[in-house]
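Working notes, beginning with the structure itself.
The values are calculated or read from the model by the stated rules, or taken from the named source; none is laboratory data. From a predicted model like this one, the values you see are computed outputs, not experimental measurements. Please note: Cβ atoms are built from the backbone with ideal geometry, for glycine as well, and neighbour counts cover all protein chains shown. Please note that ligands, DNA and RNA were not included when accessible areas were found on the heavy atoms of the full protein model with its side chains. Shrake-Rupley method; radii C 1.70, N 1.55, O 1.52, S 1.80 Å.
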Amino acid sequence: MSANSPAAVVVLAAGGGTRMKSNSLPKVLHEVCGRSLVGHAVAAAEELTPEQLVVVVGHMREKVEAHLAALYPAARAVVQVEQKGTGHAVRTALETLAADGVELDGTVIVTTGDAPLLTGATLAALAEAHAGQGNGVTVLTAVVPDPFGYGRILRDGVDGAVSAIVEEKDASDAQREIAEINSGVFAFDAKLLAEALARVTTDNVQGEEYLTDTLEILRTAGHRVGAVVAADYRDILGINDRVQLAQARRLLNDRLLERAMRAGVTVVDPATTWFDVQVSYEPDAVVLPNTQLQGRTHLGEGCEVGPNSTLTDTRVGAGARVSNTTADRAEVGELATAGPYAYLRPGAKLARKAKVGTYVEIKNSELGEGAKVPHLSYIGDATIGEGTNIGAASVTVNYDGVNKHRTVIGAHCRTGSDNMFIAPVTVGDGAYTAAGSVITSDVAPGALGVARAQQRNIPGWVERKRPGSASAQAAAAAGEAAGEA
C-alpha cells in the first residue's frame, strides 16, 4: 500500500440490470474476456491498493457475494437491501465501515461494477488529479463522439471547474452540443463525502438518493468540483444490455491483442482471435486464425497455436505446435505437438517432443519425452514412458463402472494397432504388444504381449450363407478366374 493509495474504493454493483434480460445471472456477473464485469471493476481498483475495497451488492446478492469471496477475497461485500439510488449505496458502504470502526481519511473513489474497460491507470489519474487540484470532488469525464443520453459537463470559464452536470432531458439545445459527459465515476474527500451524503434528499421523480447531488452540495459549500477527462473515452462505457456486452468484449479483445502483438506475439488474424485478460505469452509465439485462448493459458517462446484451437488454462511450451485442438488444463511441453483434431483434457501432460496426433483424446495422463500417440486413440489415466509409440486405435480401458484405474506403459515400447489395455495393467520398458490384442495382464520388459484368438477361415461360407449377394457373385467369379488360371 503506497502513500498515495486512496482511503477507499467503493464499487457500485447492486443494480438489477433488467435490460440484460437474464433470469439467472445478475448483470455484474456477465463475463467479458474471461472476467466478470464486477471482476474488471475490482481488478482496476486493486491496482490502486486502496486501504478499503468495498463492493455494494443488492440484486441476486448471494451469487455476487459468493463470486467475490471465491475470486476477490480482498473485496468486502456490503449489502444495499433496497436499491434507493447511488447516493444511498455509497452511504450504506460508508456507514457499514464506520460501524466496524473504520474511519476514512483521504480520497474515496466511487466507481461502477459494469464498466469493464475502465483501467487502473485511468482511476489512478483521477485520484492524482483530485489530490493535486485540492478538489472537494473530482468527476471522471469523457469526450465522446455521440453524447446523446448522457449527462453533460458544464465548466466554469475561469478555472475549468465543473459548474453543473445537466442531464439530457434537462439540457438546452446549446448544452446538448457539449461532447464532454459524466462517467459516474468520482473521487471525493472522504469527510466531505460523508457530510454531503447526509444532506442528499429524495426530492426527485424516482424518490432516490442521487450521488450526483453531492456535487452541487459541495460546490454551494465553497468546495471546488474538478474534472479529469479520460484519455480514451471508451474507458467509461458501461454495460446495460447484451449488445453493449458484445461491443465491450470486442473493444477489450482488441486491446489485449494489441498488447500481445507489441510484446512480440504474431496474431495472424485479430478479427478471429480471442484472448482472455489473464492470458500470458513470450516473444515469437504465433497465433493462427480462429483461435481462442482462455483463462490463464500461457504461450511459450516460438510456439505456434491454431488454427481452429481453443485452449483453456493450458501451458504451451517453447517451440511447441498445437493445431485444431481443444485443450483444458493441459500442458504441452517444449517442442511437443498436438493435433490436428486432438482433445487434451484436464491432467494431460506432454513432455518435450511428445506427439498427440489426429483424433486422439488424452485425459489425466503423462506422455514422456518423445512419446507418440499418433492416431485415433483414447489415453486416460495412464503413464506413457519416453520414446514409446502407441499404435493407432488404441484405448486404455480405465473405468470398470465404479472406479478409475491406471495403465502404465514403459519407455521405448511399441504397442500394436487396435490394442485395448484393461487397467490396471503395466507394460514394461522395451516391450511390444501385437496388433488387435486385449492386454489384461502385465507384460514384462522386453516381452511381446499377444492376446487374440487364432484366425480360422471357413471356405465357401459366403456362397452358402449369402447366395445371390454381390459378395457371393464376386467370390464365384474369383473362383472361376482361379480355375481358368
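With the convex hull constructed from alpha-carbon coordinates only, the range 1-145 shows a mean projected area of 9.6 nm² over all directions. When the convex hull of its Cα atoms is viewed from all sides, the chain shows a mean projected area of 35.4 nm².
Using only alpha-carbon positions, what ratio does the radius of gyration of the range 355-412 give when scaled by 2.2 N^0.38 Å?
Computed over Cα atoms of the range 355-412, the ratio equals 1.04.
With protein chains left intact and a 1.4 Å probe, residues in the range 13-152 average 41 Å² of accessible area per residue. Computed from point charges on the beta carbon alone (+1 for Lys and Arg, -1 for Asp and Glu), the dipole magnitude for the chain about its Cα centre is near 2000 Debye.
Once you order the gyration tensor axes a ≥ b ≥ c over the Cα atoms, which shape class does the range 397-485 get: rounded for a/c under 1.5, otherwise prolate or oblate by comparing a/b with b/c? Note, shape of the range 397-485 comes out prolate. Averaging the Cα positions of each part gives two centres, and for the range 32-47 and the range 231-272 these lie 14 Å apart. For the range 391-400, putting each phi into the Karplus relation 6.51 cos²θ - 1.76 cosθ + 1.60 with θ = phi - 60° gives couplings of x, 4, 6, 9, 9, 8, 7, 9, 10, 9 Hz, in residue order, rounded to whole numbers and with x for Gly and Pro.
Per residue, the range 230-331 exposes 44 Å² of accessible surface when a 1.4 Å probe is rolled over the protein heavy atoms with every protein chain present. Along the range 119-132 the Karplus relation, 6.51 cos²θ - 1.76 cosθ + 1.60 evaluated at θ = phi - 60°, assigns HN-Hα couplings of 9, x, 5, 5, 5, 5, 5, 5, 5, 5, 5, 4, 5, x Hz to successive residues, with x for each Gly and Pro. By the rule of a C-alpha distance below 20 Å, with chain neighbours fewer than 8 residues away ignored, the lysines paired with Lys353 are Lys363, Lys372. Is the C-alpha gyration tensor of the range 297-361 telling us rounded, prolate or oblate? Criteria: a/c under 1.5 is rounded; beyond that, a/b larger than b/c is prolate, otherwise oblate. Here the range 297-361 falls in the rounded category.
Take every pair of alpha-carbon atoms less than 8 Å apart whose residues are at least six positions apart; their mean separation over the length of the range 408-467 yields a relative contact order of 28 percent. Take each peptide in 327-339, 440-452, count the other Cβ atoms within 10 Å of every residue, and average; sorted highest first, the result is 327-339, 440-452.
Normalised by the number of residues in the range 1-129, the average gap of Cα pairs under 8 Å and 6 or more apart makes the relative contact order 39 percent. The alpha-carbon of Lys63 sits under 20 angstrom from the alpha-carbons of these lysines, leaving out residues fewer than 8 places away in its chain: Lys21, Lys27.
Other residues with beta-carbon under 15 Å from the beta-carbon of Thr383 carry, at +1 per Lys or Arg and -1 per Asp or Glu, a net charge of -2.
Over every Cα atom in the range 76-216, the radius of gyration and the widest Cα-Cα span, Dmax, amount to 15.5, 49 Å. Positive contributions from Lys and Arg (+1) and negative ones from Asp and Glu (-1), summed over other residues with Cβ under 14 Å from the Cβ of Ala161, come out at -1.
Which shape class applies to the range 243-343: rounded if a/c is under 1.5, otherwise prolate when a/b exceeds b/c and oblate if not, where a ≥ b ≥ c are the square roots of the Cα gyration tensor eigenvalues? It is prolate, given that a/c is not under 1.5 and a/b is the larger ratio.
Could you tell me what a quarter of the Cα convex hull surface of the range 232-279 works out to, in nm² with one decimal place?
3.9 nm²
Per-residue 3J(HN,Hα) values for the range 409-415, derived from phi via the Karplus relation 6.51 cos²θ - 1.76 cosθ + 1.60 with θ = phi - 60°, read 10, x, 7, 6, 8, 10, 9 Hz in sequence order (x marks Gly and Pro). Taking every alpha-carbon pair in the range 254-307 and binning the separations at 5 Å intervals from zero gives 5, 24, 37, 31, 3 percent. Take every pair of alpha-carbon atoms less than 8 Å apart whose residues are at least six positions apart; their mean separation over the length of the chain yields a relative contact order of 8 percent.
Taking trypsin sites (Lys or Arg not before Pro) across the range 1-92, the ones in a DSSP loop with at most 12 further Cβ atoms lying within 10 angstrom of their Cβ are Lys21. Taking the accessible area of the chain, probe 1.4 Å, and keeping the other protein chains in place, the carbon and sulfur fraction comes to 50%. Taking the Cβ of Leu256 as the center, what net charge do the other residues with Cβ under 13 Å away carry, scoring Lys and Arg +1 and Asp and Glu -1? Net charge around Leu256: +3. Residues whose amide H lies under 5 Å from that of Ser365, counting only those 5 or more places away or on a different chain, are Ala348, Lys349, Asp381, Ala382; hydrogens are built 1.01 Å from N in the peptide plane.
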